[in-house]
Amino acid sequence: MKKGEIVDLNIEKYAFEGKGISKILLEDNVEFPDKTFVVFVNHAYPGDKVKARIVKKKKSFAEAVIEEIVSPSPLRTKPLCKYFSTCGGCKQQDMNYDGQVKFKQEQVVETFERLGGFKELNVDTIIKSENVFHYRNKMDFSFADKRWLVESEINNPEIVDRNFALGLHIPNMFDKVLDINECFIQPVIGTGILNFTRDFFKSRNVPIYSTKTHTGFLRNLVIRFSFHTNDLMVNLVTSSEDEKLIGEYSSELLKRVPAVTTIINNINLKKASIALGDYEKVFHGSGFIYDLIGDNKFRISANSFFQTNTLQAENLYKKTLEFCGLTGSETVYDLFCGAGTISIFVSGKANSVFGFESVASAISDAETNCEINKIENVHFFRADLYNSILPLVREGGLPLPDVIITDPPRSGMHQRTVDDIIELNPKKIVYVSCNPATQARDVALLTASGYKLVKMQPVDMFPHTYHIENIVLLEKSE
């Protein structure tokens, strides 16, 4: 087998991030005592029979890309979106949903077994998303002065709008954007906002911000949707102010899409390509939207963190609360509490809840959300969770926790945070994570320090992607 060679392969298994696995039986060879050589085939599914071209050859494995699907897997389905093969948003929209969640659950188990060294795991069946499409409550579209051309457009002289795009970034190419006119993971109304915004600024020849020259005006369009109220936010991120232009845009947008309840202009003065302003100006409405998780109402600002799948977030939090096993007498610590959604959700079953978060604006949102819901037994503290929170606990005279909930970013917890949890010595730890790999690493550290992994619950928050949330319950060993 050589690089560039075309080989016939039967796909037997599925690896993380969309790689099918084919095993080739070899003749007796001291280098491969089990007589198999593994080929990873990008975007192949178990049951596929393919002709694949070898693109990388190593001593113990090879990587390949599909040249032809000779016989498709029964897992395959026709993708709904015409941009699927180019856009980097949905990775496995051409796999049926039952297949997606099956492999996500297997991914969680394999990650904990391989990286954490765990065996005989108690894993509940993955919680599916009620909405497979139109489930996102936030979409972040980018403007770009270099439009990604699909293969049919590259040599087409009639393509004149090569220097204006509003859509989603091509994977690993941050200076080019795929210009899209529909997206099936956002609510349908978002399509009208997206296309109106493109047409409005394009017709006026408004320049797009360049990450190379740091000139231009338009940077991002961020739409936030409420699933339990009628609120709808449009946030235009620009590099400077232009009150007249944004005023005209707001007026015309409201005529086209009267359901919009607030329009905001975030002004981002930084060179970094992020959809986050240094300050904002409100052109219509309150500057906020509101949504519900369970019985609690949350105020969401342009830059607030809020779980992206609102309906599935309630299932995530219900299971988190169930794992806590609260009776009403417990003290709960919520680490990486963000805008306080989990803290507030569990507060009705706890004696007191203390949330810790490093982002000042998130703490402000959390305190506001407590006021909205008239909750008095939750208290928030700004704390650098990459450093020890123990001095803050001692100086504030806080009661020690019976239960700790932790929901860190993808990178997982810092060693100091793990050490803090061990020092605080709660009876239970409920660990919510969007990255099973770093979660398995951290859980292994906690089990080595006297905790037992009791059970796990995968939750699919993001259909058609590789991402998976996982909740772990740990209890202090007797």
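The values are calculated or read from the model by the stated rules, or taken from the named source; none is laboratory data. If you're wondering where the values come from, they're calculated on a predicted model, not measured in any experiment. Note: ideal-geometry Cβ built from the backbone for every residue, glycine included; neighbour counts use all protein chains shown. Please note that ligands, DNA and RNA were not included when accessible areas were found on the heavy atoms of the full protein model with its side chains. Shrake-Rupley method; radii C 1.70, N 1.55, O 1.52, S 1.80 Å.
Within the range 43-95, work out how many residues are part of a loop (DSSP other than H, G, I, E, B) and over 26 Å from D140 (Cα atoms). Walk me through it before giving the result.
Keep residues of the range 43-95 that are part of a loop (DSSP other than H, G, I, E, B), which gives 43-48, 58-60, 72-75, 77-94.
Applying the additional criterion that residues be over 26 Å from D140 (Cα atoms) yields 44-48, 58-60, 72-75, 77.
Looking only at that region, the number is 13.
Listed residues K82, K91, K13; which is basic (K, R), within 29 Å of N181 (Cα to Cα) and touching a Gly at 6+ places or on another chain (Cβ under 8 Å)? Lay out the reasoning, then the answer.
Numbers: K82 fails: touching a Gly at 6+ places or on another chain (Cβ under 8 Å); K13 fails: within 29 Å of N181 (Cα to Cα).
On inspection, the qualifying residue turns out to be K91.
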Practice item. Would you tally the residues in the range 135-174 being open to solvent by 60 Å² or more (accessible area, probe 1.4 Å), at pLDDT 90 or above and either more than 30 Å from P458 (Cβ to Cβ) or out of contact with any Ser or Thr (no Cβ under 8 Å at 6 or more places or on another chain) (or both)? Key: 1
Review point. Hey, does the range 178-195 have a residue that's touching a Gly at 6+ places or on another chain (Cβ under 9 Å) and in a helix (DSSP H, G or I)?
Key: yes
Revision key, fill the gap. Filtering the range 368-402 for residues that are over 19 Å from V418 (Cβ atoms) and polar (S, T, N, Q) leaves a count of 4
Exercise for review: Report the residue count in the range 436-478 for those that are basic (K, R) and either assigned to a helix (DSSP H, G or I) or surrounded by 23 or more Cβ atoms within 10 Å (Cβ to Cβ) (or both).
Suggested key: 1
Point to revise | Residue ID - least open to solvent (accessible area, probe 1.4 Å), chosen from residues in the range 201-241 that are in a loop (DSSP other than H, G, I, E, B) and among the charged types (D, E, K, R) | key: D231
Check your understanding: Only one of these conditions is not met by N163: (1) closer than 28 Å to S301 by Cβ; (2) in a loop (DSSP other than H, G, I, E, B). Which number is it?
Key -> (1)
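Out of the residues in the range 390-412 that are aliphatic (A, V, I, L, M) and in contact (Cβ under 8 Å) with a residue 40 or more places away in the chain, state the one that is farthest from A339 (Cα to Cα).
First pass over the range 390-412, keeping only residues aliphatic (A, V, I, L, M): 390, 392-393, 398, 400, 403-405.
From the residues that got through so far, the ones that are in contact (Cβ under 8 Å) with a residue 40 or more places away in the chain too are 398, 400, 403-405.
Details: L398: 21, L400: 22, V403: 19, I404: 17, I405: 14 Å.
So, considering only residues that are aliphatic (A, V, I, L, M) and in contact (Cβ under 8 Å) with a residue 40 or more places away in the chain, the one farthest from A339 (Cα to Cα) is L400.
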Practice item. Among the residues of the range 347-373, count how many are out of contact with any strand residue (DSSP E or B) (no Cβ under 6 Å at 6 or more places or on another chain), open to solvent by less than 20 Å² (accessible area, probe 1.4 Å) and either at pLDDT 95 or above or of a type in the set (A, V, I, L, M, F, W, C) (or both). Key: 1
Practice item. Go through the residues of the range 18-36 one by one and say whether even a single one is open to solvent by 80 Å² or more (accessible area, probe 1.4 Å), touching a residue at least 60 places away in the same chain (Cβ under 8 Å) and within 30 Å of the chain's Cα centre (by Cα). Key: no
**Study point:** Considering residues of the range 418-435 that are within 23 Å of V346 (Cα to Cα) and in a helix (DSSP H, G or I) only, the residue most open to solvent (accessible area, probe 1.4 Å)
**Key:** I422
Exercise for review: Report, by residue number, each residue of the range 111-130 that is in contact with a helix residue (DSSP H, G or I) (Cβ under 9 Å, 6 or more places away or on another chain), surrounded by fewer than 16 Cβ atoms within 10 Å (Cβ to Cβ) and of a type in the set (S, T, N, Q).
Suggested key: T125
Check your understanding: Residues K244, K255, K271, K297: which one is on the phi < 0 side of the Ramachandran plot, part of a strand (DSSP E or B) and surrounded by fewer than 17 Cβ atoms within 10 Å (Cβ to Cβ)?
Key -> K297
Review point. Which of the residues spanning the range 74-106 are buried (at least 19 other Cβ atoms within 10 Å of the Cβ), closer than 22 Å to N172 by Cβ and either touching a residue at least 60 places away in the same chain (Cβ under 8 Å) or polar (S, T, N, Q) (or both)?
Key: C81, Y83, C87, G89, C90, K91, Q92, Q93
Practice item. Would you mind telling me which numbered condition in (1) over 22 Å from S361 (Cβ atoms); (2) touching a helix residue (DSSP H, G or I) at 6+ places or on another chain (Cβ under 6 Å) E243 fails? Key: (2)
Check your understanding: Can you name every residue in the range 258-283 that is in contact with a Leu (Cβ under 8 Å, 6 or more places away or on another chain) and farther than 29 Å from T211 by Cβ?
Key -> A259, T261
